[in-house]
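Since the structure comes first, as structure tokens, the remarks are kept for the end.
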Amino acid sequence: MPPRDLRRPFKRPAISDQQKRRELALLRQAQNRRDSQHQARHLASSVLSLQNQNTEPEAELGPESETVESEQETLSKDLDILQASKLKGSEARKWFARQLMLPEWMIDVPPRLNTDWYVFARPSGKRCFVVSSNGTTVSRLRNGSILHHFPSALPNGARTRDISGPAHSFCILDCIFHEPDQTYYVIDMVCWRGYSLYDCSAEFRFFWLNSKLAETGACDPPSLYHKYRFSLVPIYECNQIGLHTAYTGVVPYVKDGLLFYNKHAHYQTGNTPLALVWKDENCSQYVLDTDSNGQVPTQQQVVLDLQEDGRLTTSDDPPVVFGCLDGDFVQKSGLRPGSFVRFAVSDEGMRFVDGKLEMANIHYIGKANRARAFADSYSKVLFQYAARHSPLRFGDLIESVSSFSDLGNENLDVEMVD
Amino acid sequence: MAMEVTQILLNAQAVDGTVRKHAEESLKQFQEQNLPSFLLSLSGELSNDDKPVDSRKLAGLILKNALDAKEQHRKLELVQRWLSLDTTVKAQIKSCLLQTLSSPVPDARSTASQVIAKIAGIELPHNQWPELIGALLSNIHQLPGHVKQATLETLGYLCEEVSPDVVDQDQVNNILTAVVQGMNATEGNNDIRLAATRALYNALGFAQVNFTNDMERDYIMRVVCEATLSSELKIRQAAFECLVSISSTYYDKLSPYIQDIFNITSKAVREDEEPVALQAIEFWSSICDEEIDILEEYGGDFSGDSEIICFYFIKQALPALVPMLLETLLKQEEDQDQDEGAWNLAMAGGTCLGLVAKTVGDDVVPLVMPFIEENITKPDWRQREAATYAFGSILEGPSPEKLISIVNVALIFMLTALMKDPNNHVKDTTAWTLGRIFEFLHGSTVETPIITQANCQEIIKVLLQVMKDAPNVAEKACGALYFLAQGYEDVGSSSSPLTPFFQEIVQALLTVTHREDAGESRLRTAAYETLNEVVRCSTDETTPMVMQLVPLIMMELHQTLEAQKLSSDEREKQNELQGLLCGCLQVITQKLGASEPTRFVFMQYADQMMSLFLRVFACRSATVHEEAMLAIGALAYATGSEFAKYMPEFYKYLEMGLQNFEEYQVCAITVGVVGDICRALEDKILPYCDGIMTQLLKNLSSNQLHRTVKPPIFSCFGDIALAIGENFEKYLMYSMPMLQSAAELFARASGADEEIIEYTNVLRNGILEAYSGIFQGFKNSPKTQLLMPYAPHILQFLDSLYIEKDMDDLVMKTAIGVLGDLADTLGGNAGPLIQQSVSSRDFLNECLSLDDHLIKESAEWAKLAISRAISV
């Protein structure tokens, strides 16, 4: 039993650099494992959770980093992703409804339509968000329910795909699913390969959509790892020719009106006047609203939101007040604040002064269908009202673009054509 | 029957190589042909006083080696082999050994006592050889001196080999009585006293009960303290060793004796010979270790239920202890800084002073400052060096507020000394002290910065200049720069005060690595380590310069590969240099790979770098270079799916790394790299999975593999499953039963020992990560049903973890995540099962109520997944 060595480290750091390198490597590996796990889990949470992944530093690149951050802010202002994914029923629907850009109805022609706007024929079908990520693709309807869960040729949209770029990149497309040919018509691009396009102009988004979608093979016919075809929609400058082509041109899908997008507008969630929908009998089967039986009611019907104080409002922000219910009536009818209530509008039921609603004569019908996530918007009520009384016609649109096309003498032109 | 082995044993020690080889061969054959007879012959040889001492010693040594080995699995084999030997053979061998203790030949006695202890180590835990201790102690008082000495030595070895819990208290009492009596001052035979004192050192662990008895403890302590005053140096030294051991084992019992011990140690430090004085200093270092641990654990809060009490021995002894230690600082040896094995009074004293400062903090400063002020400008280098060393030693512990003003003055002084002092030691210690200043008083956590715009340039200028000094001084300058850079690691991506000097610093460090004498004093290693830290802590501004380093370091690595026909010494040096260069490339890769724009530029080097790493591997025949493996992990992370193109060539080394049981660190690192590659390649790793999984499964079932590698292997299952998804199907039938049996084994910790619980939790975490990865990998696949049969067991595992209540936060987080993954992947099918489990209610609710953000996050996820699974 010889004496023990009692030397202690002398003038040495307590930890070697090699040990430090090992530990840092382990730390990085643990972190990466956690990231992959999160990703796998979040994919399941909801389509929306994907937007949360913008926080990945890799996604914040170059000039787009700012837009990604601001998007983060607006999202976090609303609801935490995890919280949102736990919402159920009408809460969930409301939340999802807020994530899509919803066009207002065109009740009058916006200025500079021919220079600042695009037009295209809206495919008839189900509006949905399509998200590809981590080897799978999910489509969600406007009310939040899942439409399809499928492999696609979109980036990271199927497990077998040769993925270029970071594994966690994902795409969000604004689509309309067209039943007859089982095709997703892409009407807008919100995120591409992990990059947010929310704060890009429509002009850029459409350019990007046109140049990027086809190169992935997403527009190819369906195959084993590509269950549904995606298709671009022809988009036109809103001049006379463009407008005419969109209105009368042959497209592979059933049309449901025309959509107008302001070129400079960002992708704004919720109702926006910078995207507009217009329709007539020639380009849509559904000009006038139908009731729950699919019949066009004799009187126009509107659905309004009942407020605490009994006021009846539209879904706009700020809301437009259409009337008021007194407390007794509310109680008798079993209504609660937050209920959606259906009313009939009599034929001379609305009066306008300078384009603003001055008076609405509406009659209580009953509670609206519970599946509804929101009340009617002001523009929709007015469009429907106008459609029954003095619709904005295609000719009016053509007129406005041709008149505005001669810059500098707008008023004169209007008179001359008349 | 025993055969004649004497000549063979002597031949085995012959100078002539052929004779020796032949004899070794015969011994080997003999052992293989008839083990019992072989062992009998050896024990007979050892016990026979007519035989030459050399053959007896070797016989004993071979016997000892037949009972024990370093490698754990080999050791277990030998134990089993001994236990299965015929009882009469064993009895005969043991009897020979006991008989040898009476031999007049000291070497024979000593060898026999070691062999006896080895056998005791095997047999006592199996309740065999119960008469041994009784036989040793039976008539110890009547024994002749040399037998008594051998018996005490045997008891000492025995206590070293055997765990205290297999010896009952009566026998412990008898052992201690015999040992302590042998140590007593009345024992006239110094050999006996020394053997007894050394035996006590090992027997202290058996004395738990005796130390709670005041009378017995007083007696033991008195005898130990008396032995420190023996006229025999070896006895004094052994007695101080006992005191050091007591200071950590029985800290809480020391209070009544501490004053006496202080007097004894202080006299020894000042007057005794160095080996004794060093032990005396070590006593106080050890007390510091204890008090630092206690204070760290309880944060100085002993109000209520803390188990261990801090007696503040150091604080009380401070006024006398510090002057004693300061005196030792003046007893430096010439050239101690160049001698790696040096350990002397000055070094031990300074180290102890550093620990004292860590223990008491601010209080040490006023006691040391006068010494520094008095000596720092003296003409004798010993005084200047001692003063500087004292200052450097007290920089960790006291608060920055207490030190900053002193440091600000000292900084200027030291920069001058570093440039101008004629003495190498003074410069060495000065550079080291600067490093300590930067380590403890520079960084984002210190409120008043000691490095300012005004002095930064000067500091760097001096450090870079000193890097040209003697290797030991230059090495300390590199160390100082290391901590200087580290202090800026939190400056963020914006701007670092080091930016203007970055190029110059890197250049200087590279120059150091090329110095002819960079092999001395660890200088080259220090230069690369500093370069690594400078890179780690660099900001975006200097990224282009870090990028420029890539081809440079690659070129260096390339050059090491060109050298041919190396001697083994040169090969070792080449290997070391390759390690440093791979380490550097790893750090750079991790740095540049972490942000997208730099990663993109960096990628142009990936092919070349990978081919260099492969060539480094090829330099060796059977082992894998650990540093190259680490670097490849970083490269895989940076390259992502493109790493696939390297796999065909890299795969064999990956496999080699996984097979490296002996260097388990290499094996563990390789397992980690498999995880990196899984995440980089995703399903492109599929073609390699058969080989990887086979090897991993083999590793898990091996008892040769170091246990620390097993948890990462489980986690790695998860990485693979997540990467290849439902393709993991074919491995389920192998991996799931293994996970299941490991889960069963580790649902409960096999002891209350802190280390066992810690390992248990690490292993649990690995198992759970495997389950997580497998569930998530199978999600949305039509094959999820394959996992259904495993669900009940996994839920049961989670339940038992919850019930055991000994998991750490990490396990809790992973476990509750597995619950979510199970629900998420199995969905409604698992609904009823989940609802039945305790985990889905109590465990989940507990996790939801915790403040830990990570646990909560996982729990929220589990809750969501369960609610979906149940609502389907």
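The values are calculated or read from the model by the stated rules, or taken from the named source; none is laboratory data. Keep in mind that what you see is a predicted model, and the values were worked out from it rather than measured. Ideal geometry is used to build each Cβ from the backbone, glycine not excepted, and the neighbour counts take in all protein chains shown. All accessible areas refer to the heavy atoms of the entire protein, side chains included, with ligands and DNA or RNA removed. Shrake-Rupley method; radii C 1.70, N 1.55, O 1.52, S 1.80 Å.
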Within segment A:166-251, strands (runs of 3 or more DSSP E) holding 3 or more residues that are of a type in the set (V, I, T):
A:183-192
Scanning segment A:379-404 for residues that are closer than 14 Å to A:V109 by Cα and among the aliphatic types (A, V, I, L, M) gives A:L382, A:A386, A:L392, A:L397, A:I398, A:V401
For segment A:296-322, what are the residues that are part of a strand (DSSP E or B) and open to solvent by 20 Å² or more (accessible area, probe 1.4 Å)?
A:Q301, A:D305, A:R311, A:V321
Among the residues listed as B:M414, B:M467, the single one being in contact (Cβ under 8 Å) with a residue 12 or more places away in the chain, touching a Cys at 6+ places or on another chain (Cβ under 8 Å) and open to solvent by less than 30 Å² (accessible area, probe 1.4 Å):
B:M467
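Select the helices (runs of 4 or more DSSP H) contained entirely in segment B:557-641, then report the ones holding at least 1 residues which are among the β-branched types (V, I, T) and within 14 Å of chain A (Cβ to nearest Cβ).
B:568-593, B:596-602, B:626-639
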Members of segment B:180-203 found to be away from chain A (no Cβ under 13 Å), under 17 Å from B:D218 (Cβ atoms), of a type in the set (A, V, I, L, M, F, W, C) and open to solvent by less than 30 Å² (accessible area, probe 1.4 Å), listed by number:
B:V180, B:M183
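Please tell me if B:R236 is assigned to a helix (DSSP H, G or I) and crowded, with 21+ Cβ neighbours inside 10 Å. Break it down into steps so the answer makes sense when it comes.
Numbers: assigned to a helix (DSSP H, G or I): yes; crowded, with 21+ Cβ neighbours inside 10 Å: yes.
Considered against the rule, which asks whether it is assigned to a helix (DSSP H, G or I) and crowded, with 21+ Cβ neighbours inside 10 Å, B:R236 comes out as yes.
Just a yes or no: is a residue in segment B:684-694 within 29 Å of the chain's Cα centre (by Cα), outside the structural domain of B:V811 (by the TED database) and in a helix (DSSP H, G or I)? Full working, then the answer.
Residues of segment B:684-694 that are within 29 Å of the chain's Cα centre (by Cα), as a first pass: B:692.
Applying the additional criterion that residues be outside the structural domain of B:V811 (by the TED database) yields B:692.
Checking which are in a helix (DSSP H, G or I) leaves us with B:692.
Checking segment B:684-694: at least one residue is within 29 Å of the chain's Cα centre (by Cα), outside the structural domain of B:V811 (by the TED database) and in a helix (DSSP H, G or I).
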Restricting segment B:826-872 to residues that are closer than 21 Å to B:K805 by Cα and in a loop (DSSP other than H, G, I, E, B), which is farthest from the other protein chains (Cβ to nearest Cβ)?
B:V838
Filtered residues of segment B:747-788 (kept if small (G, A, S) and buried (at least 22 other Cβ atoms within 10 Å of the Cβ))
B:G766, B:A770, B:S772, B:G773, B:G777
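Yes/no per residue for (1) of a type in the set (V, I, T); (2) outside the structural domain of B:L768 (by the TED database); (3) open to solvent by less than 10 Å² (accessible area, probe 1.4 Å); (4) touching a residue at least 12 places away in the same chain (Cβ under 8 Å):
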site: B:D809; (1), (2), (3), (4): no, no, no, yes
site: B:I816; (1), (2), (3), (4): yes, no, yes, yes
site: B:D824; (1), (2), (3), (4): no, no, no, yes
site: B:V838; (1), (2), (3), (4): yes, no, no, yes
State yes or no: is B:L801 at pLDDT 90 or above and of a type outside the set (D, E, K, R)?
yes
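Okay, residues lined up against (1) part of a loop (DSSP other than H, G, I, E, B); (2) within 14 Å of another protein chain (Cβ to nearest Cβ):
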site	(1), (2)
B:A280	no, yes
B:I292	no, yes
B:L295	no, no
B:F311	yes, no
B:L318	no, no
B:G341	yes, yes
B:A357	no, no
B:G361	no, no
For segment A:274-292 the number of residues that are loosely packed, with under 13 Cβ neighbours inside 10 Å and either in the same structural domain as A:C238 (by TED's automatic domain parsing) or farther than 19 Å from A:K126 by Cα (or both) is 2
Show the residue pairs that are 6+ apart or on different chains and have beta-carbon atoms under 6 Å apart, the first residue being within segment B:849-872 and at positive phi, the second being open to solvent by 70 Å² or more (accessible area, probe 1.4 Å).
none
Any idea which of B:A185, B:A178, B:A135, B:A150 is outside any helix (DSSP H, G or I) and not assigned by the TED database to the domain that holds B:E123?
B:A185
When segment B:152-179 is checked residue by residue, the ones that are away from every other protein chain (no Cβ under 14 Å) and of a type in the set (S, T, Y) are B:S163, B:T177
Quick one: A:S346 ticks every box in (1) over 25 Å from A:A386 (Cα atoms); (2) assigned to a strand (DSSP E or B) bar one, so which box is it?
(1)
